[in-house]
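**Student:** Dropping a structure here in structure tokens format, bear with me for questions.
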Amino acid sequence: MQELDKETAAASETTAASDNAPAATVDVTPSIEETLRQAELKAEEHHDAWLRAKAETENVRRRAQDDIAKAAKFAIEKFAGELLAVKDSLEAGLAVETQSVESLRSGTELTLKQLVAAFERSGLSEENPLSQKFDPHRHQAISTVESEQEANTVVTVLQKGYLLADRVLRPALVVVAKAKS
């Protein structure tokens, strides 16, 4: 009987060892349900982040459109402020009851100086191309005349042109020299 007990004990040890072995190598991978739940949570996080990014992009676009609209609406604010002094000077000159030709002339000259200064501060410059080479990008030729000057040279300026920051606001109206025939 002792032999039987030894055999039983040995079998029990083998069984115990075999029971312990699978327990030690048990796979710790999560179940499919747990993996799916984690993937859904991650997808929900990414969707939420995408929605926030989309909303932020829309806000930036809307703010940019508002800024562009305000810039267009108030682009001449500085220039308009400069012209107020010119208007005030003209009104003051007209309010004087007894004006002499000389006082009217000097007042007009001062007002013109104010206007020129306002133009300069706003980047508006005068284009007077007399005796310069004709430039079709800056000048508008009204006619051509035979002249002692070189062909394609501006002989007469009928109306000055104006540039706004090197961009033609109004081309100068000119008469251009042509070669004598």
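**Student:** If you take the residues in the range 139-174 that are more than 23 Å from Phe79 (Cα to Cα) and outside any strand (DSSP E or B), which one is nearest to the chain's Cα centre (by Cα)?
**Tutor:** Just the residues of the range 139-174 that are more than 23 Å from Phe79 (Cα to Cα), to begin with: 139-158, 173-174.
Checking the rest, the ones that are also outside any strand (DSSP E or B) come to 147-152.
Numbers: Ser147: 48, Glu148: 49, Gln149: 46, Glu150: 44, Ala151: 43, Asn152: 40 Å.
This residue is Asn152.
**Student:** Would you pick out the residues in the range 146-181 that are under 25 Å from Ser122 (Cα atoms) and of a type in the set (A, V, I, L, M, F, W, C)?
**Tutor:** Once the filter is applied, which keeps residues that are under 25 Å from Ser122 (Cα atoms) and of a type in the set (A, V, I, L, M, F, W, C), the range 146-181 yields Val157, Leu158, Leu163, Leu164, Ala165, Val168, Leu169, Ala172, Leu173.
Listed here are the residues, each with its yes/no results for (1) at pLDDT 90 or above; (2) more than 30 Å from Leu163 (Cβ to Cβ); (3) touching a Lys or Arg at 6+ places or on another chain (Cβ under 7 Å); (4) among the hydrophobic types (A, V, I, L, M, F, W, C).
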residue: Ala23; (1), (2), (3), (4): no, yes, no, yes
residue: Ala43; (1), (2), (3), (4): yes, yes, no, yes
residue: Trp50; (1), (2), (3), (4): yes, yes, no, yes
residue: Val60; (1), (2), (3), (4): yes, yes, no, yes
residue: Asp67; (1), (2), (3), (4): yes, no, no, no
residue: Phe79; (1), (2), (3), (4): no, no, no, yes
residue: Thr98; (1), (2), (3), (4): no, yes, no, no
residue: Leu112; (1), (2), (3), (4): yes, no, no, yes
residue: Phe119; (1), (2), (3), (4): yes, no, no, yes
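**Student:** Restricted to the range 91-138, and to residues that are assigned to a helix (DSSP H, G or I) and of a type in the set (Gly, Ala, Ser), which residue is surrounded by the fewest Cβ atoms within 10 Å (Cβ to Cβ)?
**Tutor:** Only one residue tops the list, namely Ala95.
**Student:** When only residues in the range 142-157 that are over 13 Å from Ala172 (Cβ atoms) and among the hydrophobic types (A, V, I, L, M, F, W, C) count, which is surrounded by the fewest Cβ atoms within 10 Å (Cβ to Cβ)? Even if it seems obvious, please write down each step before you answer.
**Tutor:** Initially, the range 142-157 is screened for residues over 13 Å from Ala172 (Cβ atoms), giving 143-153.
With the extra rule that they be among the hydrophobic types (A, V, I, L, M, F, W, C), the set shrinks to 145, 151.
Working: Val145: 11, Ala151: 14.
Top of the filtered list is Val145.
The values are calculated or read from the model by the stated rules, or taken from the named source; none is laboratory data. Everything numeric in this text was worked out from a predicted model, so none of it was measured. All Cβ positions, glycine included, derive from the backbone under ideal geometry; neighbour counts span all protein chains shown.
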